[in-house]
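Down below is the structure, laid out as structure tokens.
Every number here is computed from the coordinates shown, using simple stated rules; none is lab data. No experiment lies behind these values; they were computed from the predicted model shown. Please note: Cβ atoms are built from the backbone with ideal geometry, for glycine as well, and neighbour counts cover all protein chains shown.
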Amino acid sequence: MMRIVWLTDIHLNFVPPHGLQRLYSDILRHEPDAILISGDIGESNSAAFYLNRLAKNTQRPIYFVLGNHDFYRGSLADVRDRIRAACAKSDNLIWLNEVDVIELTPTVGLVGHDSWADGRMGNYEQSEVVLNDYLLIDDFVHLNKAERLRRLHQLGDAAADHVARVLPGALARYPQVCLLTHVPPFQEACRHEGQPTDDAYLPHFGCQVVGEALREIMTAHPDRQLTVLCGHTHSAAQVSILPNLHVRAAEIEYRKPRVEAVLTLE
């Protein structure tokens, strides 16, 4: 039996010290064996710091991916280097982008990737939405709309390539697999304030190419089960894409980080 707590979109840069202590206590109250975090931990200059604080205060393995906010006021390359350095110094910090499959129990494996909204859902060409991502992440600041879409495609494709590489091997070893990611991979899981996301926001809320990879892989493995845990939209969703492919997104409020769920694995 293994107990795991799932956190997502905790945005700890908005949380005062007493709120951080409350989160640590909330995590430990559940007596978990490990912690999952599906992104948006802080910003570029603080994500590694908060991961280290979580590791120090919980003394549990932390399996995590990054979210778009974790790159704010920095670049993709610089943040990734900082996260790698933090993981190299802590046995309890495991960035899922950098590993293949983690065994949680003899029957449950864990894989993951940050992912990124890839601009393919909805109607990017007609959308006038400009996320803070495009103003606060160095890699996007100087791009025009067409250049930005090409960059979003590249980031989404990188996530899909990772999934296509590691998930089949995980399914070969474990009857159940959990995929941790930041961005919902299916439109059905992209909700905003409790409502389906419209075509203007969908390009920025979901990663279609990862969803396509998951659908193809799970169709080829009907005797295996995959659960996707994600965040990003701050709205709750639980959907079954296939009988063996289930997605759960979390409802989140800024400045109120919490344990989203406690997972008990056999």
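Things to note:
- Rounded to the nearest 0.05, the FRET efficiency derived from the C-beta distance between Glu147 and Asp78 at R0 = 25 Å is 0.80.
- Within the chain, helix-based [θ] at 222 nm, where runs of 4 or more DSSP H residues each add -39,500 (n - 2.57), nearest 500: -10500 deg cm²/dmol
- Those lysines that a straight Cα-Cα span of less than 23 Å connects to Lys256, excepting residues fewer than 8 apart in one chain: Lys56
- Extension reserve of the Arg173-Gln154 stretch, reckoned as 0.36 nm per residue once the Cα distance is removed: 3.9 nm
- A cut-off under 15 angstrom between Cβ atoms defines the neighbours of Ala236, and their net charge, with Lys, Arg +1 and Asp, Glu -1, is -2.
- Amide H contacts of Leu104 (H built 1.01 Å from N, under 5 Å, at least 5 apart or other chain): Gly109, Leu110
- Zone of Asp138's modelled label, taken as backbone nitrogen in the stretch 59-75 under 16 Å from a point 7 Å along Cα→Cβ: 70-75
- Applied to the stretch 212-217, the Karplus parametrisation 6.51 cos²θ - 1.76 cosθ + 1.60 on θ = phi - 60° returns per-residue 3J(HN,Hα) values of 4, 5, 5, 4, 5, 5 Hz, with x for Gly and Pro.
- Burial ordering of Leu171, Leu28, fewest other beta-carbon atoms within 10 Å first: Leu28, Leu171
- Note on Tyr63, Tyr174: ascending count of other Cβ atoms within 10 Å places them as Tyr174, Tyr63, the fewest first.
- Segment Asp100-Arg165, extension gain: residue separation times 0.36 nm, minus the distance between their alpha carbons: 22.6 nm
- GNM result for the chain, Cα springs below 10 Å: residue of Ala117, Ala220, Ala47 fluctuating most strongly: Ala220
- In this structure the amide hydrogen of Leu66, modeled in the peptide plane, comes within under 5 Å of the amide hydrogens of Asp114, none closer than 5 places in sequence on its chain.
- Beta bridges from DSSP with both residues in the stretch 2-265: antiparallel share about 35 percent, rounded to the nearest 5.
- The stretch 50-70 residues near the modelled Tyr24 label - backbone nitrogen below 11 Å, point 7 Å along Cα→Cβ: 53-59
- Loop-located GluC sites (Glu not before Pro) in the stretch 63-166, at most 14 other Cβ atoms within 10 Å (DSSP): Glu125, Glu128
- Computed magnitude of the charge dipole of the stretch 2-265 (debye, nearest 20; Cβ of K, R +1, Cβ of D, E -1): 720 debye
- Label zone of Thr227 (point 7 Å out along Cα→Cβ, amide N under 20 Å): in the stretch 1-18 this covers 1-10.
- Residue order, fewest to most beta carbons within 10 Å, for Glu212, Glu260: Glu212, Glu260
- At R0 = 25 Å, FRET efficiency that the Cβ-Cβ distance of Tyr254 and Thr107 yields, to 0.05: 0.10
- All other residues whose Cβ lies under 13 angstrom from that of Gln21 are scored, Lys and Arg at +1 and Asp and Glu at -1, for a net of +3.
- Summing +1 for each Lys or Arg and -1 for each Asp or Glu among the other residues whose beta-carbon sits under 9 angstrom from that of Asn68 gives -4.
- Under 5 Å between amide hydrogens, built in the peptide plane, is the criterion, and for Arg120 it picks out Gln208 among residues at least 5 positions away or on other chains.
- Beta bridges per DSSP, both residues in the stretch 128-266: antiparallel share near 40 percent.
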